[in-house]
Amino acid sequence: MSGVLRRYRLAISLMFGIAGMTIGTWTARIPAIQHNIKMADAKLSTCLLLLAVGGLVGMRAAGWLIDRHGSTTVMVWPSLALGGALLLAGHAPTWTILAAALLTFGILHGTLNVAMNAAAVSCQTAYGRPIMTSFHALFSIGGVAGALLSAACAHIGLSVADAFAAVAVMSTAAAGWAIHRLIPAPVSNPDSQESTATAEPAHRQPRTRILLLGLLAFSALISEGAAADWASTYLTRLGATPATAATAYAAFAASMTIGRLIGDRLTATIAPAALLRGCGLIGGGGLALGLIGGTPVAAIAGFACLGAGLSCVVPLLYSTAGGLDPARRGAALSRVAALGYLGYVTGPAIIGGAAMHVGLGNALLILPALATLLIIAAPVVHRSRGRHHRTRNPRSQNTLVPAGGDDKTHPTRQILTPKFTTNHIDHQVPELEGALR
């Protein structure tokens, strides 16, 4: 694998880390910001709603932009501006300025989310093996890092504004470093059997399949959002101490991160539909048993199972969506991501509304029920040629193809690559590196 492609993967990984760190930083300091501005709950709810609306707008716009300009180009400005929007939110003197900052932050974050996932799918195609889950692991790690950094700043007495300024500088610097290592997304030979097998279903029934992928993303991210907001509350109602209650979401987040770190190996060895069914069984079944157990220990174990089960779901769904039609990758990914994000922001409200009528424990049983959709609809995810292992096709190894579909930039910045081999491009790497500088 060429050094240029490895640097491209590292650059995309940094984008995932930036997206996770900025949203984690914001989430961890919401109570402090509400206290500083002296916002009523209703005004805070309006600000959070605008953040969600901005995210949806950014995701939908990203699909159009990616299909016209390429994911590499679309990633540039949101990644550089995200820190500035976070900085504005930290310094907002009134709730109206905070609302405007969060709307901007949501648009930038949503745009970056879809663009970096589109680039990740292209990078995975070039690698010829599963790497998508590792990108999402960086998002999870970035989120935890942002939250921990915010907590550390609060511990040493730094204001919210100072903490957000530090994260803004770090994220902008990381984005600037990554941008210089981004290249037009490389793809495999479009005439290969793999590309044909991937693209054909998109011409037969793309809308139905995209809608089903979006529905699964919606269901999975409802569970993720609900776990973030209700796990600790549920343990408190079971009689757990505040310290014990806090470990419920920590167990969920930790198991999800670990699952994503090993997810690429699982994806390489297990058929996608079987892996998705396994995720549904582990996540839904484990949480159901934990809730039925009715004790804090059982509940913590249940949320840990839910995190492990959900760890590979979104990467699998995004990989499938991005491979349906490489020429319109942005449109497919933006629809699936927007539906998933809608589930994430509405999940807590859905569980809260149900809890008012049947109690929180019974309301949380909605999450295992949603996990059964992953089991039933698992065949929607696919693998192009049965395995994501690197292919060795003598006819395609010596064929140089310019990156297309995702790449709308100047031809001199295109990567010319044979079918997942580098034997024939070594002489082109110094030239490409010079162009990138």
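Values computed for the structure shown
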item	result
Cα gyration tensor shape for the stretch 80-169, rounded if a/c is under 1.5, else prolate or oblate	oblate
Span from the the stretch 62-92 Cα centroid across to the the stretch 109-183 one, whole angstrom	12
Prolate/oblate/rounded label for the stretch 243-379 (Cα gyration tensor, a/c 1.5)	prolate
Solvent accessible area, Å² - R335, 1.4 Å probe, full protein context	90
Accessible-area value, R129, 1.4 Å probe, nucleic acids and ligands omitted, Å²	80
Simple label model, 7 Å out from Cα along Cβ direction - A173 to W77, nm	2.6
The stretch 225-265 residues near the modelled L148 label - backbone nitrogen below 18 Å, point 7 Å along Cα→Cβ	246-262
Charge dipole (the stretch 1-159, unit charges on Cβ, about Cα centre) - positive-most of L112, A152, P93	L112
Cα centre as origin, Lys/Arg/Asp/Glu Cβ charges: the stretch 259-377 dipole, Debye	200
Accessible-area value, H180, 1.4 Å probe, nucleic acids and ligands omitted, Å²	110
Prolate/oblate/rounded call for the stretch 305-363, Cα gyration tensor, a/c under 1.5 rounded	oblate
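The values are calculated or read from the model by the stated rules, or taken from the named source; none is laboratory data. Remember, predicted model here, so these are calculated numbers, not experimental data. Methodologically, a virtual Cβ is constructed for each residue, glycine included, from the backbone with ideal geometry; neighbour enumeration extends over all protein chains shown. Note: accessible area is taken over every heavy atom of the protein model, side chains too, but ligands, DNA and RNA are not part of it. Shrake-Rupley method; radii C 1.70, N 1.55, O 1.52, S 1.80 Å.
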